[in-house]
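The values are calculated or read from the model by the stated rules, or taken from the named source; none is laboratory data. Note that the coordinates shown come from a computational prediction; the quantities given were computed from them, not determined experimentally. No Cβ is skipped: glycine too gets one built from the backbone with ideal geometry, and neighbour counts run over all protein chains shown. Calculation scope for accessible area: heavy atoms of the full protein, side chains included, ligands and nucleic acids excluded. Shrake-Rupley method; radii C 1.70, N 1.55, O 1.52, S 1.80 Å.
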Amino acid sequence: MTDALTISYEDQPAWGVIGPAIDEYNRSRAGDDNAQPLCFVLRSPDDEEIIGGVIGATYWSWLHIDLMWVREDLRERGYGRRLLELAEETARKRGATHSHLDTFSFQAPDFYAASGYEVFGKLTDYPGRHSRYYFSKEL
């Protein structure tokens with residue numbers, strides 16, 4: 001390493017430089033990822049309030065679920081399952097053959113397991129006495 005280089009802490013991450021650079025490197029090694037965002041939102045009929053949704057993306061023939069949430073008083077009524085089904089259907093239409101996501105032990109590991117997802121990794125004591133689970137599924 002040369003002495004002319006410096007490392008500094010930045011309050012605002014340099015996504016505009018680092019993100020495109022890693023994307024270019026990844027493309028040179030793995031090909032175009034064909035990334036497309038994906039989002040379905042559950043809204044109340046009266047005031048259009050967002051009361052649930054799923055956010056993710058498809059890339060390299062995979063669906064990645066970033067966030068999924070249904071307001072607590074509306075859980076166990078099939079809304080989460082329908083949101084997940086819509087995300088998976090959309091991903092299949094885009095050519096995805098697999099899906100992956102993560103969830104905490106206090107969130108929805110049983111829901112994802114019941115939806116056909118299998119654990120491929122687990123972090124214990126994260127956070128505290130809880131665990132973080134990593135799931136995947138063949139679509």
Magnitude of the charge dipole, region 62-124, Cβ model with Lys/Arg +1 and Asp/Glu -1, debye to 20: 200 debye
As I understand it, the value is the acute angle between the Cα axis of helix 79-93 and the longest principal axis of the Cα atoms of the chain; what does it come to in degrees, rounded to 10? 50 degrees
Given a 1.4 Å probe, the accessible area of region 1-74 per residue, as a whole number of Å², is 79 Å²
Can you work out the Karplus-derived ³J(HN,Hα) for every residue in region 116-122? Use 6.51 cos²θ - 1.76 cosθ + 1.60 with θ = phi - 60°, whole Hz, and x for glycine or proline. x, 7, 10, 6, 10, x, 8
For the chain, radius of gyration divided by Kirkwood radius, i.e. Rg to Rh on alpha-carbons: 1.06
Whole-number percent relative contact order across the chain, with pairs defined as alpha carbons under 8 Å at least 6 apart: 16 percent
Excluding Arg94 itself, what net charge comes from residues whose Cβ is under 12 Å from its Cβ, given Lys and Arg +1 and Asp and Glu -1? -1
Taking K and R as +1 and D and E as -1, what net charge do the other residues with C-beta under 13 Å from the C-beta of Tyr59 add up to? -2
Can you give the angle from 0 to 90° between the axis of helix 15-30 and the longest principal axis of the chain, with both taken from C-alpha atoms, to the nearest 10? 90 degrees
Env charge @ Phe40, Cβ radius under 13 Å, K,R +1 / D,E -1, value -1
Separation between Cα centres of region 38-73 and region 83-100, rounded to whole Å: 13 Å
Taking the Cα centre as origin and putting +1 on Lys and Arg beta-carbons and -1 on Asp and Glu beta-carbons, what dipole magnitude results for the chain, to the nearest 20 debye? 520 debye
